[in-house]
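Trainee: Sharing a structure with you now.
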Amino acid sequence: MPGRAFGSALQGCSAYRADGHWHYVTYGLSNLFDDDEGDNDGCSGWGYELTWRVRADGTEEQAPGWPFTVLQRLAKWSSDSRFLLEEGSQVTIGHPITGYPDTDGPDTPLTGVLLATDPQLGEIDTANGRVRFLQVVAVDADTLALAQGGGSQAVINRLLEQDPLLVTVVGV
């Protein structure tokens, strides 16, 4: 990922192999280097970083590239629109979350995003303020409509019962 110096909304994004999935974590939405960004109510930068857990197919030696693209676009949209993402935020993508067919990602019925606090990373205090790790949870149109109609937290709670790490499974 090119970083802020090259026009990216993020400084970067890393992917880590975890138990049966890839765990993507952005950096640069929070303030990495100093706390000289004015009064942010105790938050570092935007006060959050994005994470995403994507099921590994077991054969990849490197993390798939399409989640980097999606996280970059989500961060850029948030930054450009000055919209603070938070737990429960809902975003309609309107096409497969993987970017299919315009990326190397597979086709999928997942066309929306809910944001939940990352179940393992949560929130931390840093020298530059608080940072919450908001996990992208890709959902289909019906699940997104449920969240929009009845609140994201009820849907997220149901998804947590099914998978406590909220790993996204793509494919048809």
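Residue-wise test of (1) under 25 Å from TYR16 (Cβ atoms); (2) at pLDDT 90 or above; (3) among the aliphatic types (A, V, I, L, M).
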{"residue": "PRO67", "(1), (2), (3)": "yes, yes, no"}
{"residue": "GLU86", "(1), (2), (3)": "yes, no, no"}
{"residue": "THR126", "(1), (2), (3)": "yes, no, no"}
{"residue": "ARG132", "(1), (2), (3)": "yes, no, no"}
{"residue": "GLN135", "(1), (2), (3)": "yes, yes, no"}
{"residue": "LEU146", "(1), (2), (3)": "no, yes, yes"}
{"residue": "SER152", "(1), (2), (3)": "no, yes, no"}
{"residue": "VAL155", "(1), (2), (3)": "no, yes, yes"}
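Trainee: Moving on to the next point. Of everything in the range 141-172, what is surrounded by 14 or more Cβ atoms within 10 Å (Cβ to Cβ) and outside any helix (DSSP H, G or I)? Give them in sequence order.
Mentor: Passing the criteria: ASP163, LEU165, LEU166, VAL167, THR168, VAL170.
Trainee: Could I ask something else about it? What are the pairs, 6+ residues apart or on separate chains, where a residue within the range 101-128 that is open to solvent by 30 Å² or more (accessible area, probe 1.4 Å) has its Cβ under 6 Å from a residue that is assigned to a loop (DSSP other than H, G, I, E, B) and charged (D, E, K, R)?
Mentor: Sorted first by the residue in the range 101-128, then by its partner, the pairs are THR117/GLU87; ASN128/ASP35.
Trainee: Return the residue satisfying two criteria in turn: it lies in the range 98-116 and is part of a loop (DSSP other than H, G, I, E, B) and out of contact with any Phe, Trp or Tyr (no Cβ under 9 Å at 6 or more places or on another chain), and of such residues it is modelled with the highest pLDDT.
Mentor: Here the residue is PRO109.
Trainee: Quick check on the range 43-65: of everything there that is of a type outside the set (A, V, I, L, M, F, W, C), at pLDDT 85 or above and surrounded by fewer than 19 Cβ atoms within 10 Å (Cβ to Cβ), which residue is farthest from HIS21 (Cα to Cα)?
Mentor: Out of the qualifying residues, it is GLY65.
Trainee: Got a number for residues in the range 69-86 being open to solvent by 70 Å² or more (accessible area, probe 1.4 Å) and either assigned to a helix (DSSP H, G or I) or of a type outside the set (Phe, Trp, Tyr) (or both)?
Mentor: Of the residues in that region, 7 qualify.
The values are calculated or read from the model by the stated rules, or taken from the named source; none is laboratory data. Note that the structure is a prediction, hence the values are computed from the model and not measured. Virtual Cβ from ideal backbone geometry, glycine too; neighbours counted across all protein chains shown. We work out accessible area using only protein heavy atoms, side chains counted, and drop any ligands, DNA or RNA first. Shrake-Rupley method; radii C 1.70, N 1.55, O 1.52, S 1.80 Å.
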